[in-house]
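Please read the structure below before turning to the comments.
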Amino acid sequence: MPFGCELLPEGGVRFRLWAPAAGTLHLSLEGPEANAELAMQPVGGGWFEVDCAAAQAGTRYRFLLDSGVYVPDPASRANPDDVHGPSLVVDPLAFDWDDGDWSGRPWEEAVIYELHVGTFSPEGTFAGVQRRLDYLRELGVTAIELMPVADFPGRRNWGYDGVLAFAPDSAYGRPEALKRLVQEAHRRGLMVLLDVVYNHFGPDGNYLHLYAPQFFTQRRHTPWGAAINFDGAHGELVRSFYVHNALYWLEEYHFDGLRLDAVDSIQQTSTPDVLEQIARAVRTGPGARRHVHLVLENDNNASYCLGARPGESGLYDAQWNDDAHHALHVLLTGETQGYYADYADDPARHLGRALAEGFAFQGEPSPYRGGRSRGEPSAQLRPTAFVQFLQNHDQIGNRPYGERIARLVEPAPLRAAVALLLLAPSPPLLFMGEEWGACEPFLFFCDFQGDLAARVAEGRREGFARLDRWRDASVRGLTPDPGAETTFDSARLKWDESASPDHRAWIDLYRDLLRIRAREIVPRLAGMSGGAHFAQTPLNLLCVDWTMGDGSALHLVANLEPHARKLVQVPRGRLLHASNTDTAVDGTVPPWTVIWTIEARDV
């Protein structure tokens with residue numbers, strides 16, 4: 001890896017930093033074992049380098065700019081004293097891995113459980129997640145997805161304000177604790193995916209602008225500040241930084257895949273672009289030896305990375321499907337403000353299209369976006385190219401009060417939605433605690449200080465001004481402060497509540513449905529192509545039919561309304577699940593009922 005420090009075979013450490021705007025640069029060793037400042041030598045292309053025989057694993061170091069400012073290593077493997085403190089030399093080969101027989105799992109088997117390390121367990125650490133792995137395996141989960149762990153300022157953060165992209169945040173534990181979590185997951189047959197942020201840096205603790213302003217471009221901006229320079233002068237080096245970061249997590253930490261956050265905010269015109277470079281490096285690197293999965297979040301509904309022709313695999317395995325979530329949310333809650341307005345005209349039709357064809361918006365104008373066309377054709381893609389969810393960190397946390405779906409919807413509609421999600425061909429994603437109907441809010445939280453904390457709080461509140469109830473500034477002022485420790489504490493899962501009878505019933509439902517999925521759906525996913533059929537009956541029942549990889553037919557009939565509806569045709573095939581046991585034999589479908597059947601292929 002060209003970035004960061006490197007332990008030398010003969011002893012000592014080589015330190016490197018790309019600092020094209022620095023006139024001189026010094027290495028500062030800090031700690032009881034070594035205190036020294038060594039001049040670093042320019043070696044061309046804006047790079048500085050020095051070999052230090054006194055340094056070793058465990059040595060703390062920073063770089064001293066000619067302006068007198070001390071900065072951490074942007075490729076630090078660990079920063080024990082937070083983002084403004086010294087970096088730590090870490091031996092990447094010191095951990096004793098024993099998962100050599102693990103080759104991952106096919107993407108078709110994915111049942112993803114998204115979690116935030118700091119609020120998932122009472123400990124709020126990697127070790128705390130590790131202690132719950134048996135529970136997740138027994139639930140039927142096959143992959144856990146960690147929200148970003150790259151070092152962020154303070155002790156609490158969603159993770160999207162990271163500034164040291166290679167350093168697991170010390171609030172969660174040391175690097176070896178994260179490696180131990182991954183290893184223990186593999187022992188239980190669980191994949192581990194990591195959410196990574198390649199579209200911006202957080203607002204506190206990023207020092208790159210002091211010595212490498214070329215890392216950014218003033219030609220473009222993101223919602224979070226200056227855009228990263230992927231396509232200007234030095235853009236190739238910047239892209240390399242992120243390519244190596246992706247490989248680092250997959251190779252050094254044995255992660256099974258990455259979810260790339262908000263790639264629609266990665267602004268570039270380079271060829272190849274950074275998304276393609278990352279994917280090709282992964283596919284020819286660790287992905288050539290084991291199952292490695294790459295997932296996108298892309299509000300543009302771009303399908304080009306997912307496969308160009310029917311049945312073809314793309315550079316990326318899948319993309320989060322906001323369309324399916326939004327349409328289902330409108331049906332369940334009746335909410336039509338904000339981005340839900342795009343689905344208010346006919347949410348059942350939008351949901352049916354999303355289930356059958358991937359995106360609901362495949363080039364149509366988006367009223368929420370001022371009439372701008374959104375999306376690309378996706379009907380040709382396999383269902384496994386779209387991750388479906390009933391909730392995730394964004395869809396909960398970007399609400400003014402962070403309500404989970406269990407706070408917004410009665411049990412019957414929610415049971416129907418869960419059955420729809422878990423038995424559809426697309427990989428389902430659960431958000432931590434969803435499986436027992438957890439009611440804790442999950443608000444945005446951070447640990448900024450001073451003026452920045454005030455500006456972030458005000459910015460969050462102003463973001464709700466488009467919603468009717470919060471147009472009044474005095475009402476917006478009542479929403480929780482993201483910087484308050486109580487906001488963070490309120491998001492912690494209350495595990496003791498999961499044992500109560502009501503919550504236990506939800507866990508049993510999720511477990512039973514995931515068993516059906518593993519037995520009936522997953523074995524038939526390989527070899528599927530796009531082109532599913534959906535329709536709304538004259539009585540507004542939603543019907544979707546898929547041809548599975550083995551030639552069998554999977555049928556969905558869903559009544560997602562509070563009124564009973566009459567079936568035009570009895571569902572064909574063997575019953576897999578009906579979310580309402582009162583479904584009448586005369587073909588009447590009760591309110592909030594989902595019926596799944598499967599029809600064997602002709603012999």
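Readers should treat all values here as calculations from the given coordinates under stated rules, not as data from a laboratory. Model, not experiment: these values are computed from the prediction. For neighbour counting, all protein chains shown are included, and Cβ atoms are generated from backbone atoms with ideal geometry for every residue, glycine included.
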Open item on the list: Rounded to whole Å, give me the distance from the Cα center of the range 118-145 to that of the range 357-374.
Closed with: 37 Å
Task: Highest-first arrangement of 168-175, 325-332, where packing means the average Cβ count within 10 Å - done: 325-332, 168-175
TODO: Please give the contour-minus-distance gain from residue 69 to residue 97: 0.36 nm per residue of separation, less the Cα-Cα distance, rounded to one decimal in nm.
DONE: 6.2 nm
Open item on the list: To make sure I understand, if each residue's beta carbon is the centre and we count other beta carbons within 10 Å, what order do 181, 423 fall in, fewest to most?
Closed with: 423, 181
Task: the chain: Cα Rg divided by the 2.2 N^0.38 Å rule of thumb - done: 1.00
- [ ] Please find the FRET efficiency linking residue 6 to residue 222, where r is the Cβ-Cβ separation and R0 is fixed at 35 Å, and quote it to the nearest 0.05.
- [x] 0.65
Task: Hull-based mean projected area of the range 532-599, where the convex hull spans the alpha carbons, in square nanometres - done: 4.3 nm²
TODO: Report, in degrees rounded to the nearest 10, the 0 to 90 angle that the Cα long axis of helix 347-357 makes with the longest principal axis of the chain.
DONE: 70 degrees
Open item on the list: Going by amide H atoms built from the backbone, whose H comes under 5 Å of the H on residue 216, apart from near neighbours?
Closed with: 229
Task: Crossing angle, helix 411-423 versus the chain [Cα axis fit, 0-90 degrees, rounded to tens] - done: 70 degrees
Open item on the list: Using +1 at the C-beta of Lys and Arg and -1 at the C-beta of Asp and Glu, which of 146, 17, 593 has the Cα lying farthest in the positive direction of the dipole of the chain?
Closed with: 593
TODO: Determine, for 49, 145, 114, 138, the number of other Cβ atoms within 10 Å of each Cβ, and report the residues in order from fewest to most.
DONE: 138, 49, 114, 145
Task: Calculated FRET efficiency for the pair residue 500/residue 336, C-beta based, R₀ 45 Å, to 0.05 - done: 0.85
Open item on the list: Taking the 0 to 90 degree range and rounding to the nearest ten, how far is the long axis of helix 175-187 tilted relative to the main principal axis of the chain, both from C-alpha atoms?
Closed with: 30 degrees
Open item on the list: With unit charges on the beta carbons (Lys and Arg positive, Asp and Glu negative) and the dipole taken about the Cα centre of the range 145-190, which residue among 189, 166, 178 sits farthest to the positive side?
Closed with: 189
Open item on the list: Under 5 Å between amide hydrogens, which residues at least 5 positions from residue 364 or on another chain qualify, with H placed 1.01 Å from N in the peptide plane?
Closed with: 374
Task: Amide H partners (placed H, <5 Å) of residue 167, local residues excluded - done: 151
Task: Cβ crowding within 10 Å averaged over residues, with 225-235, 155-165, 239-249 ranked highest first - done: 155-165, 239-249, 225-235
Task: Neighbour-count order for 270, 373, fewest beta carbons within 10 angstrom listed first - done: 373, 270
Task: Residues residue 134 and residue 49, FRET efficiency given R0 of 56 Å [Cβ-Cβ distance, rounded to 0.05] - done: 0.75
